[in-house]
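Just so it is clear, none of the values below were taken in a lab; they were calculated from the coordinates. The structure displayed is predicted, hence computed values, not measured ones. Cβ atoms come from the backbone with ideal geometry, glycine included; neighbour counts cover every protein chain shown.
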Amino acid sequence: MASQSLYRKWRSQTFGELVGQEHVVQTLRNAIVEGRVAHAYLFTGPRGVGKTSVARLLAKAVNCLADDSTLRPCGHCALCQEIAEGACDDVLEIDAASNTSVEDARTIISGVMTRPSHGRFRVYIVDEVHMLSTAAFNALLKTLEEPPAHVIFVLATTEVHKVPATILSRCQRFTFTRHGVASTAAHLRRIAEAEGLALDEGVPEAIARAATGSMRDALGVLEQLASFTSGSISLQQVHSLLGMTAAAEVHALIEALFAGDPAAALRAVNGVAEQGADLRQFTRDLVERLRAVLLLLASGDDALADSGDDERQLLEGWAQRADTARLLHWVKLFSGLDHQLRTTPYGHLPLELAVVEALVSPVAHAEAPTRTPDVPPAPARRPAAQPRPAPPPPAAPPAPRVAAPAPATTPAREGTAAPSAAAPAPATTPTREETATAPPAPAAHTPRSPEAAAAANADFSLLELVEARWEEIKRDVRPRSPTVQALLHSVRPIDVEGNTVVLLAASPFHRENLEKAQNRKIVEEVLQRHLGVAVALRCTIEARAEVRDLRGQIREARKDELVRAAMNIFEAHIVDIEPPE
C-alpha cells in the first residue's frame, strides 16, 4: 500500500494547527461563534497556501458536534473525523478543471435541494473554479445568489481575474498570502522532528526559499529528500536535488558587486556555470538575497526581509554597504533574466552581460543624471578635458572673427575690439563672399518650454501605463461586452494627448465600431479604473509620421533603455532635448 504524502498526512485538522493566514482564520472563527456564516465564500491566492485546507476546516466547523462553538472544529467528533477522511456525504469536493461544462453545473444545482444526511450543512467545495465555462458560471449564478439555507459554497482559485464579476459579487472573498521563509522553516522543523528526519543547519531555510511561499511544495521537497538519503539531510543534498547553487556562490557574486570587481563577479558566474547548476535558479536566489537587502535598507525592518536566522547578520552587513539606487537597479536587472536564460542559445552570456551592466551602468548614469540625449549615447564618455564648448557672450565674439580688419563696406560689429596694427596678411583676411558664407558663431541652445516638456512627459508616462496594462484592460472589458473585447484585439494604443488615449485601428470597420458611443463608454470606464483618471478615447487608422519637435524627441528618448534606466534610478523626467553636436 502506498504511503500517504506528507502534505496530506500533516494537513491542518483545526484552526489552531493552521500555519499562517491569521486574517482568514480570525474572521471565520468569529463568524462561526456569532452564527454569521455566509452562504458563499471565494478563497484566492497562490498554490499550496491552504485554500482547500481552510475550506475543509470551515466544512468541519459548521457541522462540528462540539457544544462550545469556540472549539469548532474540534477534530475529534464523528463528523470531524468523517470529513477529515473524505467519507462525509454532506461535504462534496469538485474539481472544476475536470468538470467544466454546464451539465456539471446543473448536477450541482440539482443536488443542493437535498437535505444534509448527518450534519447541519451541505458544503460544496469547488477547486480551481476559474476553469468553469461561461455557460457553467451562468447556470450557477441564481443558485449561488440564493442557495437553500442548508447549503454553503466555498470556491477556490489561483486566478481570480478569470472569475466573472457576477460571481465575485455573490461571494465573501478572502485572499490567502504566501508563507514566509521563517514560518515555513519552523513548520518543516516540527514535521521533520515528528517524522524522525535529521536536518542540517540551513536546510529548512533552503527548502522554504525554493518553495517560494507554497507550504505544499515545501513538504513535497522534504518528502523527496527523505527518500533521497538515509541519514541526516545536508544542505549539499538539497542543492543537488533542486539544482540550486550553494549560498557561497551567491554570496561571492554579491560581494563582488558591492566591491565593484567585475573580474570576481564573472568568475563567480562562470564557476556556477561550470558546475552545471541551474542558472535560472541561481539568478532567482541572487534576486531573493538582493531583494532582502533592499527591503532591510529601505525599511530597517527584519520582518520585511523575511530571512532566516542563518543569514540575518549577513544581510545587515550588506545593507550597511549598500545604497537604495544601486540595489533597485540590480534587482530590476537580474529579475528580468529568467526568460532570457530559458530561451537563449548562448548559455550564461545574458547573466554575464547583466553582471557587467550592473557594475558599469549605474556609474555612467550617476556622472550625467540630467543629460537625456535623443539617441543612445556613445560607448566612450567625453574626456574631462574636452567639455561642451559654451556659446560666446554677445560682448566678446570669437577672436578669429575680429583679429583681421573688415572691408570698408562691412560695418564693424558692435563691441568688437579695434584692429591691431600687426594685422594678419591679406591672404588670411576673409573676403566679402567668405564673410557672407561663413557659418555663424554657435548660438546658445534655447531651452523649450518647461510646461511643454512636463506635458509631454505626463502623456508618455500615461501611454506607457496603458501599454503595460493593455492585456488586463482587454480582459476586464470582456464581462461588459465580449464584442468590444474582440474589437480591442485589433487595435493598440499609440499615443496620449492630454486626457485622450489614441488607438491605432486595423481597419475603418474597427475604428467606426469602437467610436460608437456605447462601445467607447465601456472602454473609457475600464481605462479610468486602471489609470485612476478619467480619459477619453479616439481611434485612428493611420500611423503617424515621426514628429521631430520637442514632443516627438521626448517620445523617442523615452524608448531608449539607458534613458529609461536613468529615469527609474534617479526618479527623473526629461526637461529638454539638446541638439546633437
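Determine, for E128, E34, E223, the number of other Cβ atoms within 10 Å of each Cβ, and report the residues in order from fewest to most.
On the way: E128 22, E34 9, E223 18.
Going from least to most buried by this count: E34, E223, E128.
Each residue of segment 351-356 was assigned a 3J(HN,Hα) from its phi angle through the Karplus curve 6.51 cos²θ - 1.76 cosθ + 1.60 (θ = phi - 60°); the sequence is 5, 5, 4, 5, 5, 5 Hz, with glycine and proline shown as x.
Evaluate E = 1/(1 + (r/R0)^6) for E103 and A259, where r is the Cβ-Cβ distance and R0 equals 51 Å; express this FRET efficiency to the nearest 0.05.
0.20
Couplings 3J(HN,Hα) for segment 510-523, derived from phi with the Karplus relation 6.51 cos²θ - 1.76 cosθ + 1.60 (θ = phi - 60°), are 5, 5, 5, 6, 6, 8, 5, 4, 5, 6, 4, 5, 4, 5 Hz, where x marks Gly and Pro. Modelled spin labels at T175 and D301, positioned 7 Å past Cα toward Cβ, are 1.6 nm from each other.
How large is the dipole of segment 153-275 about the Cα centre if only Lys and Arg carry +1 and Asp and Glu carry -1, each at its Cβ, rounded to the nearest 20 debye? Don't skip to the answer; put the middle values down first.
Working: 9 positive and 12 negative charges, 159 e Å.
That gives a dipole near 760 debye.
The alpha-carbon of K51 sits under 27 angstrom from the alpha-carbons of these lysines, leaving out residues fewer than 8 places away in its chain: K9, K60, K142, K162. Here's how it looks for V91: its modeled amide H is under 5 Å from those of V123, which are all 5 or more places away or on a different chain. Taken about its Cα centre, segment 247-367 carries a charge dipole of about 360 debye when Lys and Arg each add +1 at the Cβ and Asp and Glu each add -1 at the Cβ.
Find how much the distance from A517 to D67 grows on full extension, using 0.36 nm per residue of separation minus their present alpha carbon separation; answer in nm with one decimal.
Details: separation 450, 0.36 × 450 = 162.00 nm, distance 6.07 nm.
Gain on extension, A517 to D67, equals 155.9 nm.
Say the dipole of segment 6-175 comes from +1 at the beta carbon of Lys and Arg and -1 at that of Asp and Glu; which of T100, V19, T143 then lies farthest toward its positive end? Going by the charge dipole, the pick is V19.
Once you charge only the Cβ atoms, +1 for Lys and Arg and -1 for Asp and Glu, what is the size of the charge dipole of segment 1-155 about its Cα centre, to the nearest 20 debye? Can you show the working numbers first?
Working: 15 positive and 17 negative charges, 35 e Å.
It works out to roughly 160 debye.
Close amide-amide hydrogen proximity is noted between V151 and R122, each under 5 Å apart and 5 or more residues distant or on a separate chain (H modeled in the peptide plane; Pro and chain starts excluded).
Going from the fewest other Cβ atoms within 10 Å to the most, the residues D95, D278, D90 appear in the order D95, D278, D90.
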